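For reference, the structure is listed below as C-alpha cells.
The values are calculated or read from the model by the stated rules, or taken from the named source; none is laboratory data. Since the structure is predicted, the reported quantities are computational estimates derived from the model, not experimental observations. Reconstructed Cβ throughout: ideal geometry from the backbone, glycine too, with neighbour counts over all protein chains shown.
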Amino acid sequence: MKFLFWNIYKNNNIYDKIACLAVSEEIDVLMLAEFSGDPSELLLELNEDKIRYTYLRNGSYDKIHV
C-alpha cells in the first residue's frame with residue numbers, strides 16, 4: 001500500500017499535478033494538509049480516466065483531508 005502526504009499550503013491550483021503524481025505512482029491513500037479547496041474538484045482530476053479515489057470527510061479536523 002502506498003501513501004502520499006503533501007502539505008499544499010492552500011495552493012489549490014495544482015490539482016492536475018497532484019492527480020498526475022497520485023495516478024502515475026499508483027498512490028492508495030492521498031492525504032493533503034492545508035487543503036482549502038473543493039474536494040469534488042480535485043476528485044474530478046483524480047478520477048478523470050476511471051474512478052480510483054473517494055473522499056473521506058473528517059468533520060472534526062479541517063486541516064488534513066484524506
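Is it the case, given these coordinates, that Phe35 is touching a strand residue (DSSP E or B) at 6+ places or on another chain (Cβ under 6 Å) and at pLDDT 85 or above?
No: the conditions fail for Phe35.
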### Task
Tally the residues that are surrounded by 13 or more Cβ atoms within 10 Å (Cβ to Cβ), assigned to a strand (DSSP E or B) and not polar (S, T, N, Q), restricting the search to segment 1-24.
2
### Query
Do we have any residue at all in segment 23-32 that's of a type in the set (Gly, Ala, Ser) and at pLDDT below 90?
no
### Message
For the condition over 9 Å from the mean Cα position of the chain (by Cα), part of a loop (DSSP other than H, G, I, E, B) and surrounded by 11 or more Cβ atoms within 10 Å (Cβ to Cβ), what is the one hit in Ile27, Ile51?
### Response
Ile27
